[in-house]
Structure formats: structure tokens, C-alpha cells
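As C-alpha cells, the structure follows; a few thoughts come after it.
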Amino acid sequence: MKKRTFAVDIDGTITENGGGRIHLEALEALRRLTTMGHNVIFVTGRSSVEGYLLSVFGGTTKIAVGENGGCITIDSDEHILLGNMDECKKAFEIIQNNIEHVQEKHVFPRMTEVVLERTFDLDLARKLLKEKNISVELSDSQYAYHINSPGIDKGTGFTKIMEKLSISADDVIAIGDSATDIPLFRVSKTSIALGNASDHVKSEATMVMSAHAGDGVLEALDKLAPILSEI
């Protein structure tokens, strides 16, 4: 059996066109892939605990990469922390003290990152931190702004899973819609940008769908059917 590993974003990818609700048909399709023997691993900007819970109730592989690669949950009480919350909080304080309308977003508790409302100029914040020699990753998931430790992104987080499970990049299929998914695309042989992705994100993918969000996932799996039929 040729086993594939699907690295799947959550918001804007297996939701109903950005509404935040899970697209049940897309989730069912991912569950079928798991039943067939493939890995389906959520890689999200949400907390890894949220991703893990979705895997438990959704019937997919019970591992999740969250916080844009900063945290991996492999069991209900077992987490691998790749990021450093203290340096993210320091960057947040500097941004908040120097730029107007900066506020934390009310989210599920984080262990390695700070999550902000999309209410200010992100490029201005990047410039400010550069001037103060503060090295962190600032990214926009379209759901929120994220402050992560330097070198932390979905690609580095998922690479840890690939090492742990002895997964080859040739067998990875990444599916996403935002700029935070680009590092994940780069560690995957096959990468799929959905119709709601920006042109920049689409340019980084090996395949581009026309349908949005959960409908785009179904479109992608339909196009991949010849490959998956190797089982």
C-alpha cells in the first residue's frame, strides 16, 4: 500500500467558505482517507489542542500541529513545544506600546505564541521590531495576526512530525489557503491551494483549485483520486 500523509489546514480550508463551521462533507472525506490507511494531520494556526480534538471527533490521525508550528499535540496531555512564549510576549508588549489599536484576540489558550486582532498595520509592526532588534515571526492567517518565535512556522512544525513518523516529503500532500501555509507547501511534494487563497499563495502551490474552502478540499480529493487508487 502506498501510504500518503495529508497535512491539512483548518480555517478557510475545511470550513464552510470562511464561516468558521466545519464542512462536514470535507471532514467525512478526510476520515475516509484515514480509514483507507492514509495519515490525515491537521496543521493549523489554532491551538494544537483544538486540532487534536477535531482529529479525535473527526476520526482522523490523532496528532495535530498548532500555533503555526509552535506546538504539537500527540495526546490529551502530551505536547511538544517548539516555540518560546516569553519572547513572543516581549514582542507583543513593544508593538502594543508603540502602535495604536493593538489587542490580543480571544482564543483558546496558547502555549508558544501570541494571537492578535487584525486591527493594525502588520508591516509597521515588522518594521518596528526590526528597528529594536527583536527577532520573531509575524504572520497573517486571515483569521488573526500571530507572533511566533524566530524560525517557527507550519513547515518547521510539520517537519518534526515527518521525522517522528518517518514520513518522506514525497508522500506528503499539503492543503491550505493562507500565507501561513506556504512553509508547509515547501516541505511537501504536492501542495494544494484552494480557490479562496491569494494569488501569492496559489503561486507557491503545485495544484490550484477553483472551489473555496471545504468545497475546494472535495475538488482536490477528486482530482487526486487516480493517485490514491494505487491502494
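The values are calculated or read from the model by the stated rules, or taken from the named source; none is laboratory data. Computed from a prediction, not measured in an experiment: that's the story for all the values here. No Cβ is skipped: glycine too gets one built from the backbone with ideal geometry, and neighbour counts run over all protein chains shown. Each accessible area value is taken on the protein alone, full model and side chains, heavy atoms only, with ligands, DNA and RNA left out. Shrake-Rupley method; radii C 1.70, N 1.55, O 1.52, S 1.80 Å.
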Q: With everything on Cα atoms, drop me the angle between helix 24-36 and the longest principal axis of the chain, reported from 0 to 90° to the nearest 10.
A: 60
**Q.** Percentage relative contact order, the chain, counting C-alpha pairs under 8 Å, at least six apart
**A.** 21
Q: Taking the convex hull of the Cα atoms, report for segment 85-148 its projected area averaged over all directions, in nm².
A: 3.9
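Write down the accessible area per residue of the chain in Å², having rolled a 1.4 Å probe over the full set of protein chains. Write down the numbers at each step before the final one.
Numbers: 10490 Å² over 231 residues.
Here the per-residue accessible area is 45 Å².
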Q.
Between 0 and 90 degrees, rounded to the nearest ten: what's the tilt of helix 154-165 against the longest Cα principal axis of the chain?
A. 50
Q) When the chain is treated as a GNM, springs tying every alpha-carbon pair under 10 Å, which of 172, 217, 107 comes out with the largest mean-square fluctuation? A) 107
Q: Report, in debye and to the nearest 20, how large the dipole of the chain comes out about its Cα centre when Lys and Arg carry +1 and Asp and Glu carry -1 on their Cβ.
A: 460
Q) Once every DSSP H run of n ≥ 4 in the chain is given -39500 (n - 2.57) and the sum is divided by its residues, what mean residue ellipticity at 222 nm do you get, rounded to the nearest 500 deg cm²/dmol? A) -11000 deg cm²/dmol
Q: Return the whole-Å distance between the Cα centroid of segment 23-71 and the Cα centroid of segment 170-188.
A: 15
Q.
Using a Förster radius of 41 Å, what is the FRET efficiency between residue 122 and residue 56 based on their Cβ-Cβ separation? Nearest 0.05, please.
A. 0.75
(Q) Can you compute 3J(HN,Hα) from phi for each residue in segment 111-128, using the Karplus curve 6.51 cos²θ - 1.76 cosθ + 1.60 with θ = phi - 60°, rounded to whole Hz and x for Gly and Pro? (A) 10, 9, 9, 10, 10, 10, 5, 8, 10, 8, 7, 5, 5, 5, 5, 4, 5, 4
Q. Counting pairs of Cα atoms in the chain, how many percent are more than 33 Å apart?
A. 14
**Q.** Label point distance in nm, residue 89-residue 170, each placed 7 Å from Cα along Cα→Cβ
**A.** 4.6
